[in-house]
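Presented below is the structure to which this report refers.
The values are calculated or read from the model by the stated rules, or taken from the named source; none is laboratory data. It should be emphasised that the depicted structure is a prediction, and the values quoted were computed from it without experimental measurement. When we count neighbours, we look across all protein chains shown, and the Cβ atoms used for this are built from the backbone with ideal geometry, even at glycine. The accessibility values were calculated without ligands, DNA or RNA, using every heavy atom of the protein model including side chains. Shrake-Rupley method; radii C 1.70, N 1.55, O 1.52, S 1.80 Å.
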Amino acid sequence: MLMSVATGLSVAGNYFAQPLLDVIGRDLGLSASTAALVVTVAQTGYGLGLLLLVPLGDLVDRRRLAVGLCAATAVFLTVIASAPNGTLLLVGTALTGLASVAAQVVVPYAATLAAPAERGRTVGTVMTGLLLGILLARTAAGLLADLGGWRTVYWVNAVL
């Protein structure tokens, strides 16, 4: 269950900005097209992470890799939350996307830890967390932004 939550929280950072682009743009003085780049940069970082970092799971200890990527994601989320301008926002977003592939490292790691008879259930549970993170990120972003502004979304995710 912990791995399920970790994958959901890890991947959610790539989707928070989607409903918040107008608010983020206004706060940082960004044009609509620059604000829209946030989504593109997040997915580009994620794609690079899939290409460059996930294969490391076959070469190094998956537990350490997953923990390191989760910690890096938290650090990069704080960069986004404290970004004073669009450039730092985009850099933090790209790096968050890159590190958020921890989810794709945790899934096979969970499978190797599970007993053979439990592997399917284990992978299903972890994947459920990942998919819920993607699906609920936008809703959580809206709720948290209403409570404390768009930066609150990233601060809360970084802490979690």
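Numbers at a glance
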| read-out | value |
| --- | --- |
| Residues within the stretch 125-147 that are open to solvent by 80 Å² or more (accessible area, probe 1.4 Å) and more than 23 Å from Ala17 (Cβ to Cβ), tallied | 0 |
| Any chance Tyr109 is of a type in the set (Phe, Trp, Tyr) and touching a Lys or Arg at 6+ places or on another chain (Cβ under 8 Å) | yes |
| Qualifying residue in the stretch 112-124 (condition: open to solvent by less than 70 Å² (accessible area, probe 1.4 Å) and touching a Phe, Trp or Tyr at 6+ places or on another chain (Cβ under 8 Å)) | no |
| Which numbered condition Ala71 misses (of (1) without any contact (Cβ under 8 Å) to a residue 40 or more places away in the chain; (2) under 14 Å from Phe16 (Cβ atoms); (3) among the small types (Gly, Ala, Ser)) | (2) |
| Test: residue in the stretch 123-130 that is more than 18 Å from Leu89 (Cβ to Cβ), touching a helix residue (DSSP H, G or I) at 6+ places or on another chain (Cβ under 9 Å) and free of Cβ contacts under 8 Å to residues at least 12 places away in the same chain | no |
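Conditions tested, residue by residue: (1) touching a Gly at 6+ places or on another chain (Cβ under 7 Å); (2) touching a residue at least 40 places away in the same chain (Cβ under 8 Å).
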| position | (1), (2) |
| --- | --- |
| Thr7 | yes, yes |
| Asp22 | no, no |
| Leu48 | no, yes |
| Val54 | no, yes |
